[in-house]
1. Does region 39-52 contain any residue that is at pLDDT 95 or above, surrounded by 15 or more Cβ atoms within 10 Å (Cβ to Cβ) and touching a Leu at 6+ places or on another chain (Cβ under 8 Å)?
2. Kindly provide the set of residues from region 1-38 that are at pLDDT 95 or above and of a type in the set (Val, Ile, Thr), ordered by number.
3. Looking only at region 20-30, filter to residues that are in contact with a helix residue (DSSP H, G or I) (Cβ under 9 Å, 6 or more places away or on another chain) and in a strand (DSSP E or B); which one of those is farthest from GLY105 (Cα to Cα)?
4. Kindly indicate whether ASN96 is modelled with pLDDT of 95 or more, more than 15 Å from the chain's Cα centre (by Cα) and within 23 Å of GLN134 (Cβ to Cβ).
5. Which is of a type in the set (Gly, Ala, Ser), within 21 Å of TYR30 (Cα to Cα) and surrounded by fewer than 18 Cβ atoms within 10 Å (Cβ to Cβ), of GLY80, GLY90, GLY115, GLY105?
Amino acid sequence: MLKLIWILAVMFVQDSNWNVNKKGVVADGYDVVSYFSGEPKEGNELFASTYDGATFYFHSMANKKTFDENPSKYTPEFGGWCAYAIADTGEKVEVNPETYTITDGKLYLFYNRFGTNTLKYWQKDEANFIKKSQITWQTKYQH
């Protein structure tokens with residue numbers, strides 16, 4: 001019975017638009033507020049918040065409070081999925097939480113494994129990729 005509950009929970013999380021780890025935490029547990037200071041830090045489950053059905057961890061109580069005051073300012077674009085993949089193929093692809101950029105006050109995360117760093121591709125035509133990924137996200141995932 002517990003296995004069935006776990007399977008249903010995983011299916012529910014996958015049906016949401018948030019990219020969460022096995023613990024159900026966005027950005028693989030990294031503190032999304034810390035990105036905006038230029039130094040991403042791993043969060044701590046002691047400083048957790050829930051927003052839009054997803055869990056976020058924070059490095060400090062101060063960052064948790066900052067997030068709680070305006071969560072939409074700090075949440076990663078496209079649910080924390082690889083921004084380049086959303087623009088390029090429209091698919092939800094895992095990210096490396098240490099590979100990111102902030103553009104116009106928005107946090108974008110990217111796939112970076114096995115010698116493929118999609119942030120490098122993104123940077124070649126960022127304005128176009130932002131437009132394309134926004135259209136794809138709105139038409140494919142925001143019904």
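1. no
2. Selection gives VAL20, VAL25, VAL26, VAL32, VAL33.
3. If we take residues in region 20-30 being in contact with a helix residue (DSSP H, G or I) (Cβ under 9 Å, 6 or more places away or on another chain) and in a strand (DSSP E or B), then VAL20 is farthest from GLY105 (Cα to Cα).
4. On the way: modelled with pLDDT of 95 or more: yes; more than 15 Å from the chain's Cα centre (by Cα): no; within 23 Å of GLN134 (Cβ to Cβ): yes.
Here the answer is no, as ASN96 does not meet what is asked.
5. Working: GLY80 fails: surrounded by fewer than 18 Cβ atoms within 10 Å (Cβ to Cβ); GLY90 fails: within 21 Å of TYR30 (Cα to Cα); GLY115 fails: within 21 Å of TYR30 (Cα to Cα).
It is GLY105.
The values are calculated or read from the model by the stated rules, or taken from the named source; none is laboratory data. Computed from a predicted model, the values in this text were never measured in an experiment. Neighbour counts run over all protein chains shown; Cβ positions are idealised from the backbone, glycine included.
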